Each structure stands twice: as C-alpha cells, then as structure tokens.
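All remarks here apply to the structure that follows.
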Amino acid sequence: HAVFVRSPFAHARIRAIDVSAALELPGTQVLTAADVDLGSFQPPPIPGLDQQMGRPFLARDVVRFVGDIVAVVVTESRAEGVDAAQLVVVDYEPLPVAVGPEQALAGGVLLFPEAGTNVCMSHPAERDPDLFATCEAVVSGRLVSQRMAACPLEARGSAAAVGDDGRLTLWLSTQTPHQDRDELARILGLESADVRVVAPDVGGGFGAKLLSVEEILVAWLARRLERPVRWAETRSENMIAMAHGRAAVLEFTIGGTRGGVVEAYRLRILQDTGAYPRIGAILPGFTSLMASGVYAIPKIESEFTSVVTNTTPVGPFRGAGRPEATQAIERAMDLFALEVGLDPVEVRRRNLFASDAFPLTTASGAQYDCGDYERALDLALEAAGYEALREEQRQRREERGTLALGIGVSVYVEITNGLVEPEFGAVEITPEGEAILRTGSFSHGQGHETTFAMIVADRLGLPLESVRVIKGDTDEVRQGVGTYGSKSTQIGGVAALQAAHEVAERARELAADHLEASAGDVVLDAETGGFHVVGSPAPSVSWKELATSLQQQGRLDELRAEEVFKPDAPTFPFGAHVAVVEVDTETGNVELRQLVAVDDAGTIINPIVVEGQVHGGVATGVAQALYEEFLYDEDGMPLTATFLGYSFPSAAELPSFDVVSMETPTPINVLGAKGIGESGTIGATPAVQSAVIDALAPFGVRHIDMPANGERVWQALQRADSGE
C-alpha cells in the first residue's frame, strides 16, 4: 500500500527529510525524490506554455502548494502506511506565498525563480483604443468564476502489478485509459504493448480524473519493488490534491446603442492554474473562442493570461473554459440592459444570431454549425411563464415584503469535441448471433453502454439486450481517446454506427449466397433481424444462422468491422435557461424556486440519458452560482478541504428541474448528434446568479460574486443600505 507524505505548507524550501523513525516500523519503505528516476511530470508540449514550470513527481527542493508530495511510504497494509507517514519528519523553511492570480501576476513572489515570472502562458489581443468610440452606451464589469472542487462521489484509487510476462497492468480511476496507457509507457520507458490499463466504474469524473503523479508513482513502485501496489485517497486528500476547476477572473466591457444593439465587446481573462500548469493553463483559449456567445457582436477583443499560484493545480472541470465565457457575456448583457433601460430578455432577443445565418463565424473566431437561439429562448420563457413571473415580481415589490422574487435568464452556446478528436469503434457478431461493440470511448456515468448499444442494435436489427458494449480495458479495445469535452456520441457513437453498418453490409452479401440471390436484392429487416430478398419476407436468414454457418467454416471474423471516425469540425450545442429565486432580505437566504432548462444537443438518441445528463449538469451549474467555492487563507492554507466546509449541495437543496426538449441536428456527423454532458452546467450558472441580483435590484445591488449565498447576499444588502 502506498501512502503519500504531503506538504502542510503552501510554499517552503525543503531543508531535510528524516525517514529513520518510519523505517523502524516492520516492512516499511520510504522513497523520496532522490530515489525517483522519472524526471519531471512536465506540462504538455503546448506552444506558449512555459516548460520550466514542470512538476516533479516528488518535491525535491521546494513545495509549492499544500498537498505537494515530498515522500511516499510503502507498507503491507494501509493502516501501517498512515502510521509510518506520520513519522516522516520534514524540515521546512517557509517562503512567501502568492495565493490569488492577481497577487501572482504582480510578481512579488515567484514560484519558479528560474522562469523570472509567474505567467505560464498568455495570449494578448491587439488592443483597439477606439473599440467603443461609436457606442452610445458602455458598461464594464468584473466577474470571478470561483475555484471549485470536482467532488466525485468516489475519490481516486489505483493499483498496479507486473505479470510473469513483464507486462505492467494498472487499474485506474480515469476517463482516458488509452491515453493513460501511452503516457505511462512514455514516462516509464516502455512500449505501449507492455502496458495494460483497466478502468472500472470510477464514481464520477467530471473532467478531473485524468492521469496524475500519484498514479504514475503507483505504477513506478510496482516495477521498482516487484510487488503489486495499491493506493486509495481520503476525501480530504482528494480535495487538496486532485485538480480543481474554474478559478478565473473575467473583466469585460460591452457597448452599443441606446436601442439595445450591442456593437463591441472586450473580454480579459486572468486564469489561476495553481502551482503547476497543465491543461488548466490553456482552458482560457476556449473562453476566448466562445466570447461572442449567441450574440451577433461585430467587434470583439479577447485576451488571456495564465499564472501559477501556491494552490492546488487547476484542470478541466465540467465545462472546462466554456462556462466562463457564458458567465461573462451573460453578465455583460444584464448590465448593458440595465444601462439602456430595457428588459434583459428584449436586449438578448435583439442581438441573437438569426436561425438562417448558419453556418457562421463569430467575431471571436468560432465556426458555429447550426442553431436556433430565439426558439430556445421562447421555449424557456413559455415554460417558465415569464410574463406572469414579472407580474408577480411587480406585485411583491409594491407590497415591500421581506421575500424578494428574482428572475434570471441566460442563452448560451458551447463547443463540444473542441479539439476535433477521433474515436474508435469495432463491432462483431458472436456465434449466438448477438453483437459486441468495442468502443474507445469511456463511460463513467454517462450511459454510453445504453446509447451506443441502441445505435448498433438499430442498425443491425437486433434487440437492445443482444448488444454488449466493452470499454475501459486497453487489452480488450485496441485504441481510443476516452471521454471528456462532451464528445462521446458524436464521435464514439458515429464510429459504432459506421462499424455496425459495415458488418451489416458484409452480412447482406454473405446472406445472398444462402438465399441464392443477388446481394443487391437482399435487405435486412430491422423488425425481425433477418435477411431476405426484397419483397419476399420468406425465406430469410437470421444473424444466428449466418453466424453459425460462418463459424463452421472458420470465417466468423468476416462479421467484424473496425472504424475510426474523425469529424471535420466540432459541434456547438446551445440552449436557454430561466431561473427563479426567492431571497429573504432579512437573513440573505436564497432559495431556488424554479429552473427551466432548454438544452439542444442535436439529434437525441436516448431521451432518458439526455435528461439525466441535463439534471446533473444543471445541478453543477446551480452549485457554482449558490453554493460551492474552494477557499484558501492568506498563507495558502485550504479552508474547505472536507465536506464539512465545502458546501456541496444535495437533492434537498435543489428543486425538480423543468427540462424542455429541443433538437436541431448538426450536419457535422450522420447521427446529427452534439454533446450534452456539460450544457446544463453552462446555461444554469449565469441564469441563477442573474436571478439573485435581479431580486435585489430594488435595493440598489448591481452585482454579487458567486457563490451568491446567504452571507454574500446579506453583506450586499448591508452595503446597499449604508450607501456604499
């Protein structure tokens, strides 16, 4: 069992590590940086990302966040490992810290002095001093998309063993088994064929369960010690060690006519990447790309800067750069509507891209495939009863009661499969006449086993229960990309469809021999699952009969096909959300009364799976708006490292969401499908934040940072009451 010794300091120099007391325990080994021959867990080779800021597998000279690993203890049982880890004595020399991104940008404390800066990546814009020169109304704002923890219900765990043949097998809590296999092989100096990764059910991923230093060290230890090694983290360890999400400061300026037409928009993003930059450093690229949102803004200027801080590293988390873009533009539209004196819905409507304008390229460079944003908005408003809500709000304000009603609206668009990645699918017919699908995609709660099986069953004319889906084992599935970025059905599902289609076509030709007919005259009956001559249902050949015949001839592999599907472009799901809140103006308590979600993900394969994804996404979006925030004090000490301090909402805090279906098929793939896993998150957050601010508008409150919880609401009311 491996147990990691972690730094209690956010920034400190390691003077010495004394492991003698730990080694006195029977069967205990302790390894430090001097024992590890793996180099650094370098940032990915992305142009513009400072490669001097790589993370060592074990800290050698300096620790840079609370939770940084300084040693690993290996024992016969986990309990012994915890005891031994507490006996490892580390002599630290505390160093000054840079906790927030603005503090890090100032450069007073450098995490990597050799780099000479805390900026790990930047993408400046060509600033136009006259961007708003012709605008009649201009308003600016600042929004913090706060740091969040992914909080999977199952924390990370892994195990590694070396077989008699020398092959390494690693059981991982991951979303990307094939990518992990290849990365492990590279780091350990092995061939990919010498590594097997098995990904079982992982208890939720949300973008954060990608290959980590802990898991690489577990694999390295198994080879080093020639013993199976396992590791399972505690909840508090997960909260400080697994990648966090969001953590961006967004400054915006928006301008246009007094009639509510937006003419220009500027967005500046300051991204906190935590102590060691990896994927989190480049996520503002998606934020910049999606800066325009659903609005036909002719002039957009966007730039970002990513900095390192003495905090947990930041990575992808449900939405990964796209929620921040929607949060900024939707907050900007609310402020612009307030400035020009129009209803926020009307301002949105006047600036939406027209449904007949697609495909189009926004001023921020995104190439949208298709959409009908106004219809999504209309559906959401109708389902919510928007006019009646405004009338109820007017009456409450006249009555001057203590329970204020707030209404928030957001219209959004996001990008899925933003990196335009491929996916693998293989379909084969079994001797029993059933089908097996092997997919390179990976399901950790999204229901791919059902959705993909439906696609294959429909194409082959088989019952759903006759299709078995295999995923997550690199020995069972030879290649794959994995699951993140809401891309699975639009690439993995299409690959499965194409492989099933190829099998069906081969089977049709083989069945023609049995029927003594021309292959062009043979069809597959989707109702019966049998092949027959067109216009003559009998005689027919079933899948089982065909498979049995081919197996007897040693030719069953002819009913197997592999496909790799890569689209030409990403897809852009969209939608509209309406949130209704009640705010107690005496206590600050906020209660979400209603949330209507219209999320268009193109063609829907399985409505139940889609609704489940929307519910989960909306819950995450509401959580950011009202509940969740990972906090540090001025010394970089985490204040919310357990669920006692981190406000994680349960079903008791959430209403039943009103999910309204809408389908606009994309031309990017034959299924017409887009992603759905993150859409609810992206639309819900700005709608709920807007609703809280709207409830407090009569008191002079113009903005509340997220999470807009009772404390923040109460403080905002006190400031407004005192005239601040």
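Key figures
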quantity	calculated
Failed criterion for Gly163 (all others in (1) within 30 Å of Ala193 (Cβ to Cβ); (2) touching a His at 6+ places or on another chain (Cβ under 8 Å) hold)	(2)
Residue match in the range 407-414 (condition: outside any loop (DSSP other than H, G, I, E, B), of a type in the set (Ser, Thr, Tyr), within 30 Å of Ala357 (Cβ to Cβ) and in contact with a Leu (Cβ under 8 Å, 6 or more places away or on another chain))	no
Filtered residue count, the range 478-520, keeping only those that are farther than 30 Å from Asp182 by Cα, among the hydrophobic types (A, V, I, L, M, F, W, C) and in a helix (DSSP H, G or I)	7
Arg331 being in a helix (DSSP H, G or I) and touching a His at 6+ places or on another chain (Cβ under 9 Å)	yes
Criterion violated by Gly256 - all others in (1) touching a Cys at 6+ places or on another chain (Cβ under 8 Å); (2) closer than 28 Å to His123 by Cα; (3) open to solvent by 10 Å² or more (accessible area, probe 1.4 Å); (4) not charged (D, E, K, R) satisfied	(3)
The range 176-202 residues that are touching a residue at least 12 places away in the same chain (Cβ under 8 Å) and of a type outside the set (A, V, I, L, M), paired with ones that are assigned to a helix (DSSP H, G or I) and buried (at least 23 other Cβ atoms within 10 Å of the Cβ) (beta carbon under 8 Å, 6 or more apart)	Asp180/Glu215; Arg196/Arg181
Cβ-Cβ under 9 Å pairs, at least 6 apart or on other chains, the range 359-378 side more than 25 Å from Gly408 (Cα to Cα) and of a type in the set (Asp, Glu), far side part of a helix (DSSP H, G or I) and open to solvent by 10 Å² or more (accessible area, probe 1.4 Å)	none
Residue count, the range 38-79 (criterion: in a loop (DSSP other than H, G, I, E, B), among the charged types (D, E, K, R) and surrounded by fewer than 18 Cβ atoms within 10 Å (Cβ to Cβ))	3
Scope the range 640-659; condition open to solvent by 40 Å² or more (accessible area, probe 1.4 Å) and of a type in the set (S, T, N, Q); matching residues	Thr642, Ser647, Ser650, Ser656
From Pro96, Pro45, residue being more than 22 Å from Ser236 (Cβ to Cβ) and within 27 Å of the chain's Cα centre (by Cα)	Pro45
Subset of the range 22-37 (residues that are of a type in the set (D, E, K, R) and not in a loop (DSSP other than H, G, I, E, B))	Asp35
Any hit, the range 384-396, residues being within 27 Å of Glu136 (Cβ to Cβ), open to solvent by less than 70 Å² (accessible area, probe 1.4 Å) and of a type in the set (Asp, Glu)	no
Only listed residue being among the basic types (Lys, Arg), farther than 22 Å from Arg348 by Cα and open to solvent by 10 Å² or more (accessible area, probe 1.4 Å), chosen from Arg278, Arg331	Arg278
Residues that are more than 20 Å from Gln613 (Cβ to Cβ) and either open to solvent by 10 Å² or more (accessible area, probe 1.4 Å) or assigned to a strand (DSSP E or B) (or both), drawn from the range 298-323	Pro298, Lys299, Ile300, Glu301, Ser302, Glu303, Phe304, Thr305, Ser306, Val307, Pro313, Val314
Qualifying residue in the range 357-367 (condition: assigned to a helix (DSSP H, G or I) and not hydroxyl-bearing (Ser, Thr, Tyr))	yes
Residues (surrounded by fewer than 22 Cβ atoms within 10 Å (Cβ to Cβ) and farther than 30 Å from Val618 by Cβ) located in the range 179-194	Asp182, Glu183, Ala185, Arg186, Ile187, Leu188, Gly189, Leu190, Glu191, Ser192, Ala193, Asp194
Pick from the range 460-514, criterion of a type in the set (Asp, Glu) and over 22 Å from Val670 (Cα atoms), ranking: surrounded by the most Cβ atoms within 10 Å (Cβ to Cβ)	Asp473
Residue within the range 235-247 that is within 30 Å of Leu131 (Cβ to Cβ) and either touching a helix residue (DSSP H, G or I) at 6+ places or on another chain (Cβ under 9 Å) or open to solvent by 20 Å² or more (accessible area, probe 1.4 Å) (or both) present	yes
Subset of the range 368-388 [of a type in the set (Gly, Ala, Ser) and assigned to a helix (DSSP H, G or I)]	Ala376, Ala380, Ala383, Ala384, Ala388
So Glu432, is it farther than 19 Å from Val197 by Cα, open to solvent by 40 Å² or more (accessible area, probe 1.4 Å) and touching a residue at least 12 places away in the same chain (Cβ under 8 Å)	yes
Sole residue being at pLDDT 95 or above, within 20 Å of Glu339 (Cβ to Cβ) and part of a loop (DSSP other than H, G, I, E, B), chosen from Ile704, Ile668, Ile693	Ile704
Residue list for the range 195-220, filter: open to solvent by less than 40 Å² (accessible area, probe 1.4 Å), out of contact with any His (no Cβ under 6 Å at 6 or more places or on another chain) and part of a loop (DSSP other than H, G, I, E, B)	Ala199, Gly203, Gly204, Gly207, Ala208, Lys209, Leu211, Ser212
Condition check for Glu215: touching a strand residue (DSSP E or B) at 6+ places or on another chain (Cβ under 9 Å), on the phi > 0 side of the Ramachandran plot and modelled with pLDDT of 95 or more	no
Failed item in (1) assigned to a strand (DSSP E or B); (2) surrounded by fewer than 18 Cβ atoms within 10 Å (Cβ to Cβ); (3) not β-branched (Val, Ile, Thr), with Glu527 passing the rest	(1)
The range 9-22, subset touching a residue at least 40 places away in the same chain (Cβ under 8 Å) and loosely packed, with under 15 Cβ neighbours inside 10 Å, residue farthest from the chain's Cα centre (by Cα)	Ala21
Filter result for Gln446 (at pLDDT below 95, farther than 21 Å from Pro431 by Cα, assigned to a loop (DSSP other than H, G, I, E, B) and not small (Gly, Ala, Ser))	yes
Of residues in the range 157-178 being open to solvent by 10 Å² or more (accessible area, probe 1.4 Å), touching a strand residue (DSSP E or B) at 6+ places or on another chain (Cβ under 9 Å) and in a loop (DSSP other than H, G, I, E, B), the one farthest from Leu270 (Cα to Cα)	Gly163
Unmet requirement for Val97, which otherwise passes all of (1) farther than 27 Å from Glu226 by Cβ; (2) touching a Ser or Thr at 6+ places or on another chain (Cβ under 7 Å)	(2)
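The values are calculated or read from the model by the stated rules, or taken from the named source; none is laboratory data. The model shown is predicted, which means the values in this text are computed figures rather than measured ones. In this analysis, Cβ positions are derived from the backbone assuming ideal geometry, glycine residues included, and neighbour counts consider all displayed protein chains. Ligands, DNA and RNA are excluded from the accessible area calculation, which covers all protein heavy atoms including side chains. Shrake-Rupley method; radii C 1.70, N 1.55, O 1.52, S 1.80 Å.
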